[in-house]
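The values are calculated or read from the model by the stated rules, or taken from the named source; none is laboratory data. None of these values were measured; they are calculated from a predicted model. As a convention, Cβ positions derive from the backbone with ideal geometry for all residues, glycine included, and neighbour counts pool all protein chains shown.
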Amino acid sequence: MRASTDPHGKGVTMDVTAIVNGVERTADVEPRVLLVHWLRDELGLTGTNVGCDTSSCGACTVLIDGRSAKACNLFAVQVDGSDITTIEGLAIDGELHPMQQAFHECHALQCGYCTPGMVMAAVSLIDEYPDLGDRGVRVGLEGNLCRCTGYQNIVHAVLQAAGEQERHP
């Protein structure tokens, strides 16, 4: 990571290089830029939503080096050298990830605002704990809020995807 003064008057910027959805991305960013804003505003990955800006809702959840993290709670410079996956990078060759497919099949969304973050958190959860039951899913996702559903269909989707993921390494 290299720091420099931006000739366009932004002040100090730092080079950040990360693999984002399988593509190496390098940019000069101000040290105060949040990861969620870098992803949305600089890289155009608008599936990562800004919900609360306080890390309370989880709408901005992405995977960093395979683990879920709230992008509103990290500066872009903190992910230098990391591998980041957003909701846009989860499907492969147009085929939905088992978690995305399960959310669709189980009707695990209503307005959809929390869905990208919820899906990303659920992917990380079942990667780490593939044998969770109903209660384990509820506890594991308690950092992601949905104001529309009763969570039951979300829990069903996560449990369905956990079974699918065993067949799709």
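Filter the range 44-59 for residues that are crowded, with 20+ Cβ neighbours inside 10 Å and among the aliphatic types (A, V, I, L, M); which is farthest from residue 29 (Cα to Cα)? For the range 44-59, the residue satisfying everything is 59.
Report those strands (runs of 3 or more DSSP E) wholly inside the range 17-89 carrying at least 1 residues which are of a type in the set (D, E, K, R), over 21 Å from residue 147 (Cα atoms) and not assigned by TED's automatic domain parsing to the domain that holds residue 148. Reasoning before the result, please.
Values: elements: 23-29, 61-64, 67-70, 83-85.
Per the criteria, 23-29, 67-70, 83-85.
Only helices (runs of 4 or more DSSP H) whose full extent lies in the range 115-169 are considered here, and the ones with at least 1 residues that are over 19 Å from the mean Cα position of the chain (by Cα) are 134-140, 152-167. The residue that is surrounded by the most Cβ atoms within 10 Å (Cβ to Cβ), counting only those in the range 9-43 that are under 18 Å from residue 116 (Cβ atoms) and touching a Phe, Trp or Tyr at 6+ places or on another chain (Cβ under 7 Å), is 35.
Among the residues of the range 90-106, what is the count of those that are assigned to a helix (DSSP H, G or I), in contact (Cβ under 8 Å) with a residue 12 or more places away in the chain and either surrounded by fewer than 20 Cβ atoms within 10 Å (Cβ to Cβ) or of a type in the set (Phe, Trp, Tyr) (or both)?
To start, the set of residues in the range 90-106 that are assigned to a helix (DSSP H, G or I) comprises 98-105.
Still in the running and in contact (Cβ under 8 Å) with a residue 12 or more places away in the chain: 98-103, 105.
Add one more test, that the residue is either surrounded by fewer than 20 Cβ atoms within 10 Å (Cβ to Cβ) or of a type in the set (Phe, Trp, Tyr) (or both), and what stays is 101, 103, 105.
Number satisfying all stated conditions: 3.
Listed by first and then second residue, the pairs linking a residue in the range 62-73 that is farther than 13 Å from residue 126 by Cβ to a residue that is among the aliphatic types (A, V, I, L, M) and modelled with pLDDT under 95, with Cβ atoms under 7 Å apart and 6 or more places separating them unless they lie on different chains, are 72/50. Scan the range 35-52 for residues that are closer than 19 Å to residue 89 by Cβ and within 14 Å of the chain's Cα centre (by Cα) and jot them down. If the condition is that a residue be closer than 19 Å to residue 89 by Cβ and within 14 Å of the chain's Cα centre (by Cα), then 35, 36, 37, 38, 39, 40, 45, 46, 47, 48, 49, 50 are the ones that fit. When restricted to residues that are modelled with pLDDT of 95 or more and touching a Cys at 6+ places or on another chain (Cβ under 7 Å), the range 115-152 contains 2.
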